[in-house]
Structure formats: structure tokens, C-alpha cells
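Below: the structure, in C-alpha cells.
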Amino acid sequence: MRQARYLPGQSCESLHPLSKIIPLADVDSALVEALLDTAFEPERRQRTAYTVRGDAEWLPALSFAALDAADLLAGTIQCWPVALTDDHGRAHPLLMVGPVAVLPALQGLGYGQALVTATLSAIDPRAPLPQVLIGDPAYYGRFFGFANTHTGGWRLPGPVDQHRVLCRAANPSILPASGALGPWRR
Ligand SMILES: CC(C)(COP(=O)(O)OP(=O)(O)OC[C@H]1O[C@@H](n2cnc3c(N)ncnc32)[C@H](O)[C@@H]1OP(=O)(O)O)[C@@H](O)C(=O)NCCC(=O)NCCS
């Protein structure tokens, strides 16, 4: 099975050596939904992140699952195409990362870091799109360099704690300071 690559320097030493990262497409979608229901509250589908993504499909090349040492599903990550539409109506493509979810009993063992690292290291380095997510700056900033420094003027289609809107980009200053996040429309 295809293994995800890890970025040099971003180790996941605490992960059990028999654990695996595999493409999410290789996992039964009912199992993925059940895991998300366990990791999040049942109303998860009303979250603003779902509205941002709209009816887009997650991107198979950037979405992964973690299996524990017994090959049971431990966690998942999905990644979606979204747009930041500036105040002149121009859509800037972004990758929306998440949800990232680890079974409660397996949290704190390195699965979350392994999953996010798998997605970030699978992004084509020749043309890396900036990444956006809604999450804890303490976690995503500390391990992956996401920050809310450039997102204060980004509007979302629903309630959100603005400080949890995080971006990671080689040069975030090329992104609009003001704009609306929403689904990518071709
Ligand atoms: C957030 C989540 C994905 C992290 O995955 P995980 O496998 O538990 O975390 P890891 O083992 O990779 O990392 C553990 C480290 O991150 C820290 N950490 C975990 N969640 C954190 C958070 N929300 N804020 C700050 N630090 C956090 C832990 O304290 C630990 O630090 P330490 O190594 O210094 O002890 C997981 O806890 C989860 O599924 N939570 C519920 C769903 C959720 O909130 N998802 C994120 C929003 S999309």
C-alpha cells in the first residue's frame, strides 16, 4: 500500500512502529463517518467549515487515514479545494485542511501530527497552494507553522472564532487581506 512521506525534521517518534498512514480512499467511507462522529459532536455538519467546503469532494491525493498497530482505524484527515474571493471578485485557490480527527482513546500518541504531516508533505512543492484551516492555533502553529496573522480580514459563511482561522503559506502576504472564504467553483 502507498505510504505517505514525512517532511524531514517533523518526526512522529511516539507513533507505534507498526502504525501506518494510508490513502483515505482505501477506507470504507462509513468507517470514516463513524470516526468523525466519535471525535466531534453530533452536530458537526452544522459547523462553518462544512459550509466553506460546500458540496466539493475531498481531494484523494491529500487525504489520509492512520491505522494503529492492529490495523484498526485510528484517525483521518481530509483536504478540500476552497476559494478566498477578494473584494474585486477574484477567486484565489486554497487548500482547506480538516477535519483532522483521532479516536479519543488514541489521542496524544502522535496520530494527529502524522496525519497533518502526511497531507502537508503530499502537497506538490512545485506549486504549493496556501493552506487554510479552522483549529487551535496552539496545536497547528506549534507543530506546522499555521498562523492567524493574515486571516483577520477573511470572512466565513457562518459563525467562527476569528483567531482560529489559520493559514500556512510560503508567502502569505500575497493573499488578499480581505475576502470571503467559500467553495471553489470552476
Ligand atoms: C486535535 C487532534 C487531531 C490532535 O491529535 P492527537 O493525535 O491527539 O495529537 P498528537 O498526539 O499528534 O499531539 C499531541 C500533542 O499536541 C498537543 N495538543 C493536542 N491537541 C491540542 C490542542 N487542541 N491545542 C493545543 N495542543 C494540543 C498535546 O498536548 C500534545 O502535546 P505534547 O506532545 O507536548 O504532550 C485530536 O486531539 C482530535 O481528534 N481532537 C478532536 C477533534 C478535533 O478537535 N480536531 C481538530 C479540529 S479539525
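Every number here is computed from the coordinates shown, using simple stated rules; none is lab data. Source: prediction; values computed, not measured. For neighbour counting, all protein chains shown are included, and Cβ atoms are generated from backbone atoms with ideal geometry for every residue, glycine included.
Some notes on this structure:
- Any hit, segment 147-160, residues being of a type outside the set (D, E, K, R), crowded, with 20+ Cβ neighbours inside 10 Å, within 29 Å of residue 20 (Cα to Cα) and away from the ligand (no atom under 12 Å from the Cβ): no
- Verdict on residue 100 being within 17 Å of residue 82 (Cβ to Cβ) and assigned to a loop (DSSP other than H, G, I, E, B): no
- When restricted to residues that are outside any strand (DSSP E or B) and in contact with a Gly (Cβ under 7 Å, 6 or more places away or on another chain), segment 157-186 contains 4.
- Being under 22 Å from residue 52 (Cα atoms) and touching a helix residue (DSSP H, G or I) at 6+ places or on another chain (Cβ under 9 Å) is a property that residue 118 lacks.
- Candidates 26, 68, filtered to the one that is among the charged types (D, E, K, R) and loosely packed, with under 14 Cβ neighbours inside 10 Å: 26
- Each residue in segment 93-126 was checked for being near the ligand (Cβ under 6 Å from one of its atoms), touching a residue at least 60 places away in the same chain (Cβ under 8 Å) and out of contact with any Lys or Arg (no Cβ under 8 Å at 6 or more places or on another chain), and 6 of them qualify.
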